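Please treat every number below as a calculation from the coordinates, not as lab data. All figures in this text were calculated on a predicted structure; none of them were measured in a lab. Cβ: placed from backbone, ideal geometry, glycine included. Neighbour counts: every protein chain shown.
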Amino acid sequence: MHLHSEPYRNPALPAAARVEDLLSRMTLEEKAGQMTLVEKNSIGLADIADRFIGGMLSGGGGSPSRNTPAAWAAMVRGFQEQALKTRWGVPLLYGADAVHGHANMRGAVVFPHNIGLGASRDPDLVERVARATAEELAATGVNWNYAPMLAVPQDIRWGRTYEGFGEDTGLVTELGAAALRGMQKTAEGARLGSPGTVLATPKHYVGDGGTAWGTSDMFLQQQYMLDQGVTPADEATLRAIHLPPYVEAIRNGALCVMVSFSSWGGMKMHAQHYLLSEVLKGELGFRGFTVSDWGAVQRISSDLLTAVVASVNAGLDMVMVPYDCRAFLGELIRAIRSGDISIQRVDNAVRRILMVKFEMGLFEHPFGDDSGLAQIGCDERRQLAREAVRKSLVLLKNQAGALPLSDDTPLVFVAGRAADDIGIQCGGWTVEWQGQPGDIVPGTTILEALRASCPRTTEVAYDPPGEFESRAGRAPVGLAVVGELPYAEGIGDRADLSLSEEDRAVIRALRERCERLVVILISGRPLIVTDWIEQADALVAAWLPGSEGQGVADVLFGHAPFTGKLPYTWPRSMDQVPQGDPVRPTSTPLFPYGYGLDAGGALS
């Protein structure tokens with residue numbers, strides 16, 4: 001058999017011609033396999049080829065037993081080698097949630113979460129961050145990123161608020177498109193399929209940022225209140241607030257869209273033929289494939305066959321099972337053979353999936369370029385993350401010349417657990433799905449950064465509770481680093497966004513031990529600060545800055561200016577959450593959307 005004996009193997013042919021040739025050769029079982037996306041720990045190696053699996057993924061925390069870049073590359077290569085053993089050698093798409101860097105992997109650069117990038121208002125920065133993330137993914141063989149999130153969060157109680165760029169549709173539209181370009185194009189403008197690029201996944205289509213409190217069907221299982229809930233907006237509102245980011249993403253080359261867990265119009269989004277097939281694929285001209293969220297198809301109905309029929313007929317192309325692929329494949333094939341799902345619908349789904357694989361060049365280059373392994377976590381990318389941190393910080397209050405810190409300050413008291421905990425400053429989706437406190441990734445804590453930035457004549461003393469019982473007198477400056485512990489998705493849905501009593505005690509204690517108090521908030525959303533803000537001379541929203549805490553110190557010491565602006569309205573009390581709720585009285589927030597001071601106290 002000579003090279004390119006089958007037309008689909010010939011890279012000189014148009015992708016569409018290659019798709020049709022391959023599709024014509026495939027059995028029903030092979031087509032069904034391409035529509036299946038399986039979590040890596042839920043399938044045996046032999047089943048990847050035997051069941052013609054089209055996609056695999058690492059969920060949050062889905063790392064190899066040795067969580068190193070080399071081990072990631074070897075793991076993904078092993079899965080890909082199995083897929084290539086099938087008679088047609090169709091390569092896998094391998095995905096991960098690299099929502100702020102390839103952060104499931106220890107050693108990767110962990111960038112600020114999207115809320116911080118939203119505060120930067122810098123699409124060029126967002127594109128460069130996304131490109132660096134793609135390069136680290138591609139080096140380990142991961143060719144598919146479940147990002148960017150294009151939700152427009154309207155209720156900051158949502159545990160995914162920090163995954164959104166902000167509450168404004170225009171901001172999300174601009175920065176979401178920048179992130180997509182960064183993942184799918186090189187700095188020189190080379191297209192998806194070039195080394196260092198990965199398939200982006202705008203998510204979650206559509207309206208996940210507009211769900212109403214208490215409507216989640218996950219309440220009884222895990223106390224979700226907003227996540228996966230019901231979006232009560234009418235169609236005009238859905239189109240005005242939540243749809244534009246997808247329109248722009250498609251214009252910028254989106255080839256995969258993840259469907260939302262949420263519901264609209266009395267129906268789960270995964271069963272929405274109107275929104276998936278008529279609006280997304282028809283009206284918006286989306287030519288890529290749709291993919292489900294984690295086990296979301298099974299939420300349509302407790303009967304798997306009913307759920308599969310409803311979702312595939314609605315326009316779902318690839319299903320994230322994620323566990324029992326045998327059961328899913330059995331019901332999918334059964335539904336096709338019975339005529340409940342037409343072969344034309346299946347061919348349309350598989351055609352879309354194969355088209356993307358051909359356009360990504362996977363048939364010619366199924367493996368990652370492991371020559372990029374040496375650059376993972378490199379200084380150049382850490383400097384980029386440091387720049388992102390600097391541009392993300394929002395100065396909310398600055399009195400009595402508290403900031404910038406003076407180089408001739410002899411003593412600085414630092415308090416708060418979050419000051420010296422890189423896991424807290426990275427937040428969720430870091431090594432584990434929910435993230436975790438502790439020394440979980442390489443990088444620089446805020447305390448380490450402060451000490452590195454101070455002149456030798458300045459002493460930086462640290463006491464987490466802020467009491468400094470062994471020290472006499474007061475320090476000229478106290479820095480309290482407080483905020484939220486890591487969380488992700490609906491686990492982070494919170495009715496009360498007040499600071500914990502432990503953190504408020506830190507602020508009170510440190511206030512007594514310093515002349516000027518600076519509070520640095522580490523959080524995935526605005527928090528209620530009204531009851532203690534008068535105790536602080538300066539207040540900085542640092543969001544979830546990631547692994548490079550040096551960027552925080554750069555701005556505190558005036559080595560870089562405060563330029564960040566609020567991507568979300570900052571409420572005065574929980575009575576103002578959510579903003580725009582017709583049931584609640586309209587009142588002036590503590591800080592409006594877009595607010596941000598420079599160090600001189602003027603709006604930046």
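Quick notes on this one:
- The chain: antiparallel DSSP beta bridges as a percent of all, rounded to 5: 20
- Pairwise FRET efficiency - D575 versus T186, Cβ, R0 = 45 Å, nearest 0.05: 0.40
- Taking the centroid of alpha carbons for each part, the range 541-604 and the range 197-212 are 24 Å apart.
- Check: the chain dipole with +1 on Lys, Arg Cβ and -1 on Asp, Glu Cβ, in debye: 1040
- Charge sum, other residues only, whose C-beta stays under 13 Å from S292's C-beta, Lys/Arg counted +1 and Asp/Glu -1: 0
- Ranked D408, D554, D168, criterion: other C-beta atoms within 10 Å, fewest first: D408, D168, D554
- Positive-end residue, the chain charge dipole about Cα centroid, Cβ charges, pick of V506, W532, T133: T133
- For the range 318-338 versus the range 487-540, the gap between their alpha-carbon centres in whole angstrom: 48
- Taking every DSSP helix (H) stretch of at least 4 residues in the chain, weighting each as -39,500 (n - 2.57) and dividing the sum by the residue count yields a mean residue ellipticity at 222 nm of -9000 deg cm²/dmol.
- The alpha carbon centroids of the range 5-43 and the range 399-478 are separated by 53 Å.
- Dipole moment magnitude, nearest 20 debye, the range 393-576 about Cα centre, only Lys, Arg, Asp, Glu C-beta charged: 460
- Computed extension gain for L28 through F219, at 0.36 nm per residue and net of the alpha carbon distance, reaches 64.9 nm.
- Using the Cβ of I533 as centre and a radius below 11 Å, the other residues enclosed give a net charge of -1, where K and R count +1 and D and E count -1.
- Neighbourhood net charge (9 Å Cβ-Cβ; Lys/Arg +1, Asp/Glu -1) for I336: +3
- In this Cβ point-charge picture (+1 for Lys and Arg, -1 for Asp and Glu), the range 59-184 has a dipole of about 600 debye about its Cα centre.
- Most positive-pole-ward Cα, G44, T86, F328, against dipole of the range 7-374 from beta carbon charges: T86
- Neighbour-count ranking [beta-carbon atoms within 10 angstrom, fewest first] of S292, S65, S392, S301: S65, S301, S292, S392
- With the simple spin-label model, which puts each label point 7 Å out from Cα in the Cβ direction, the A452 to D379 separation comes to 1.1 nm.
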